[in-house]
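Engineer: Sharing a structure, written as structure tokens. Questions coming.
Throughout, read-outs are computed from the coordinates displayed, never taken from laboratory work. This structure is a prediction, so every number in the text was calculated from the model and none was measured. We place every Cβ from the backbone using ideal geometry, glycine too, and count neighbours over all the protein chains shown.
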Amino acid sequence: MEQNIKQVLITEEELQNKIKELGEQITEDYKGKDLILICVLKGAVMFMADLAKNIDLPLTMDFMAVSSYGSSTESSGVVKIIKDLDTSIEGKEVLIVEDIIDTGLTLSYLLENLKSRGPKSVKICTLLDKPERRKADIKYDYKGFTVPDEFVVGYGLDFDEKYRNLPYICVLKEEVYSK
Ligand code: XMP
Ligand code: MG
């Protein structure tokens, strides 16, 4: 895969150090609370797994898959639930774990949807923030890194379903995206 990579933006070590920090902070903030982590599939799967291992609390986990109508790289704001949660979040402290906030449209839909189910609180933990294309006014509570307005892959994030298994965040060469 290396021959397709233009530049590594965040190394494996940088990712793991930051996730350890986030895990410690979340452990402190949710001590004694009934925390449920909600992973937004598939992009957040690597982040969720590593983050959960760094949170020293008896938390639970659930998974949700959503798709936004529109082209693969442009979010439309109309979101369809492909896979819903298996469990109720009523009365629970919900932490949404996301891979990246770009326009913010997906997450603003998800936030309203989850809030309507009667949780005690809903907060957001995003690995990446791409603020340049923001359309919805989204306030997150935990963030890993800010990235420039480029299409990034790796560590869960894909291009055409590939590159999710890279242990770092990178940008692919132009010829790969245009193929
Ligand atoms: P919005 O725009 O609604 O979209 O905040 C968030 C979702 O869009 C995808 N996305 C990306 N996926 N590299 C990716 O692999 C990117 O640079 C990128 N930017 C947005 C992603 O699925 C995210 O959850
Ligand atoms: Mg996603």
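Engineer: Counting other C-beta atoms within 10 Å, and keeping those with at most 16, which DSSP coil GluC sites (Glu not before Pro) do you find in the stretch 89-172?
Structural biologist: Values: sites: Glu90, Glu93, Glu98, Glu112, Glu132, Glu150, Glu161; in loops: Glu90, Glu150, Glu161.
For GluC sites (Glu not before Pro) across the stretch 89-172 that sit outside H, G, I, E and B with at most 16 neighbouring Cβ atoms in 10 Å, the list reads Glu90, Glu150, Glu161.
Engineer: For Val40, what charge total do you get from the other residues with a beta carbon under 14 Å from its beta carbon, if Lys and Arg give +1 and Asp and Glu give -1? Show your work: numbers first, answer last.
Structural biologist: Details: positive: Lys42, Lys80, Lys83, Lys123, Arg164; negative: Asp62, Asp84, Glu98, Asp99, Asp102, Asp158.
Once positives and negatives cancel, what remains is -1.
Engineer: Pull up the DSSP beta bridges for the chain and report the antiparallel fraction as a percent, rounded to 5.
Structural biologist: Working: 12 of 35 bridges.
Bridges in the chain are about 35 percent antiparallel.
Engineer: With θ set to phi - 60°, apply the Karplus curve 6.51 cos²θ - 1.76 cosθ + 1.60 along the stretch 55-66 and write out the HN-Hα couplings as whole Hz, x wherever there is a Gly or Pro.
Structural biologist: So the Karplus estimates, Gly and Pro as x, are 10, 9, 9, x, 7, 10, 10, 9, 10, 9, 10, 10 Hz.
Engineer: From Cα pairs below 8 angstrom and at least 6 apart in sequence, can you work out the relative contact order of the chain, rounded to a whole percent? Provide the component values of the computation, followed by the final result.
Structural biologist: Working: 352 pairs, mean separation 44.1, N = 179.
Rounded, it is 25 percent for the chain.
Engineer: A further question on this structure: Taking the Cα centre of the chain as the origin, how large is its charge dipole in debye, to the nearest 20, when only Lys and Arg (+1) and Asp and Glu (-1) carry charge on their Cβ atoms? Before the final figure, lay out each step's value.
Structural biologist: On the way: 24 positive and 32 negative charges, 83 e Å.
Using Cβ point charges on Lys, Arg, Asp and Glu, the chain gives about 400 debye.
Engineer: In addition: Counting other Cβ atoms within 10 Å of each Cβ, which chymotrypsin sites (Phe, Trp or Tyr not before Pro) in the stretch 1-84 have at most 15 and sit in a DSSP loop? Each step should come with its number before you reach the end.
Structural biologist: Details: sites: Tyr30, Phe47, Phe63, Tyr69; in loops: Tyr30, Tyr69.
In loop regions of the stretch 1-84 (DSSP not H, G, I, E or B), the sparsely surrounded chymotrypsin sites (Phe, Trp or Tyr not before Pro) are Tyr69.
Engineer: Please compare each pair in Lys130/Lys179; Lys18/Lys123; Lys92/Lys123; Lys42/Lys143; Lys20/Lys53; Lys18/Lys130 to a cut-off of 20 Å on the Cα-Cα distance and tell me which ones are over it. Write out the running numbers ahead of the final one.
Structural biologist: Numbers: Lys130/Lys179 24 Å; Lys18/Lys123 18 Å; Lys92/Lys123 11 Å; Lys42/Lys143 18 Å; Lys20/Lys53 9 Å; Lys18/Lys130 17 Å.
Long pairs (Cα-Cα over 20 Å): Lys130/Lys179.
Engineer: With r defined as the distance between the Cβ atoms of Lys33 and Arg134 and R0 fixed at 25 Å, what FRET efficiency is calculated, to the nearest 0.05? Could you put the intermediate results ahead of the total?
Structural biologist: Details: r = 29 Å, r/R0 = 1.18.
Result of the calculation: an efficiency of 0.25.
Engineer: Name the residue from Leu41, Pro119, Val176 whose Cα lies farthest towards the positive end of the charge dipole of the chain, charges +1 on Cβ of Lys and Arg and -1 on Cβ of Asp and Glu.
Structural biologist: Pro119
Engineer: How big is the gap, in Å, between the Cα center of the stretch 137-179 and the Cα center of the stretch 2-35?
Structural biologist: 15
Engineer: Turning to a different aspect of this structure: Taking amide hydrogens as modeled 1.01 Å from N in the peptide plane, which residues meet the under 5 Å criterion relative to Lys6, leaving out close sequence neighbours?
Structural biologist: Close amide H contacts, sequence-distant or interchain: Val171, Leu172, Lys173.
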